[in-house]
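Here the structure is laid out as structure tokens; the discussion comes afterwards.
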Amino acid sequence: MKKFQKFLFADLDDTLFQSLEKCAGRDGLLPAAFLKDGSPISYTTEGQRAFIAFAQDGMTMIPATARNFDAFRRVDLPFASWAVLDYGGVVLQPDGAIDQQWQEHMRGAMQAALPGLRELAALIDAWAERHAFKGRARLIEDFGTPFYLVLKDPDKVAERLEPIEREVVAPWIAEVGRDYFIHRNGNNLAILPKALNKAHAVAHVTARLRAEHGDILTFGMGDSRSDARFMAACDYAIVPRRTQLAGLALETL
């Protein structure tokens with residue numbers, strides 16, 4: 001039988017670990033990601049650690065995450081290959097160096113999207129000021145490149161984001177068919193240019209892997225609707241239960 005190298009592209013937050021509030025219980029938890037001050041912010045369950053060990057026994061794990069470089073460095077999981085960061089805006093090579101070819105491609109695409117992101121951020125902040133909403137739109141940048149907007153409720157009341165999405169963000173995107181899309185998962189409202197997509201970066205890395213290894217098998221794993229795009233580009237998809245994507249694709253069947 002022909003032997004294939006196997007690669008698992010895995011989302012991180014709410015897939016391989018999650019915040020303490022999202023853990024079903026407190027037994028057997030271990031810290032997996034940390035804040036800048038060193039305090040733990042996310043945890044793995046015993047089951048998640050068993051899955052990671054299972055995956056590493058036959059596959060090379062490649063993170064495909066929304067986290068920027070700084071937040072990714074504060075993840076304590078045994079990755080030793082490529083990495084996809086910033087929703088696909090940044091690709092790191094196995095030696096940890098940035099993939100310059102991909103970076104140049106994304107820099108041009110993101111500069112074209114930047115005026116729209118700034119315009120929308122001003123509209124969101126104006127709405128927040130009028131309605132005494134405490135949160136503000138943040139432009140997420142990494143390696144000197146702006147990528148997307150994110151808005152959170154400071155009190156972690158996710159429902160407060162709904163009128164902003166409905167009254168400000170969705171109409172702005174619908175107007176003249178702007179090339180942006182919404183990623184909403186819990187207390188996280190992100191607005192991304194369509195050029196920014198994990199699927200594009202995963203396809204780039206997959207091409208590099210095939211050039212190096214020949215025939216390979218790829219697996220995609222994620223928890224949210226936005227992850228489905230890169231998972232669909234893989235040979236197989238893995239969906240954790242009790243997640244947004246499981247609810248959309250599996251649990252309602």
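Key figures for this structure:
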item: Residues of segment 103-114 satisfying the condition of being closer than 14 Å to Y148 by Cβ and either over 20 Å from the mean Cα position of the chain (by Cα) or not in a helix (DSSP H, G or I) (or both); result: Q111, A112
item: Answer residue from segment 236-253, given it is touching a Phe, Trp or Tyr at 6+ places or on another chain (Cβ under 8 Å) and modelled with pLDDT under 95 and is surrounded by the fewest Cβ atoms within 10 Å (Cβ to Cβ) among those; result: I238
item: Selection from segment 162-200 of residues that are in a helix (DSSP H, G or I), touching a Gly at 6+ places or on another chain (Cβ under 8 Å) and among the hydrophobic types (A, V, I, L, M, F, W, C); result: A199
item: Residue list for segment 150-161, restricted to those being surrounded by 17 or more Cβ atoms within 10 Å (Cβ to Cβ) and either part of a helix (DSSP H, G or I) or in contact (Cβ under 8 Å) with a residue 60 or more places away in the chain (or both); result: R160, L161
item: Filter result (exposed (fewer than 12 other Cβ atoms within 10 Å of the Cβ) and touching a residue at least 24 places away in the same chain (Cβ under 8 Å)) within segment 12-46; result: L35, K36
item: Those residues of segment 53-81 which are of a type in the set (S, T, N, Q) and in a strand (DSSP E or B), in sequence order; result: T60
item: Conditions (1) closer than 17 Å to Q93 by Cβ; (2) of a type outside the set (K, R); (3) touching a residue at least 40 places away in the same chain (Cβ under 8 Å): number failed by A211; result: (3)
item: Residue among A32, A50 that is modelled with pLDDT of 95 or more and either in contact with a Lys or Arg (Cβ under 6 Å, 6 or more places away or on another chain) or in a helix (DSSP H, G or I) (or both); result: A50
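The values are calculated or read from the model by the stated rules, or taken from the named source; none is laboratory data. These numbers come from a predicted model, not from an experiment. Backbone-built Cβ (ideal geometry, glycine too); neighbour counts: all protein chains shown.
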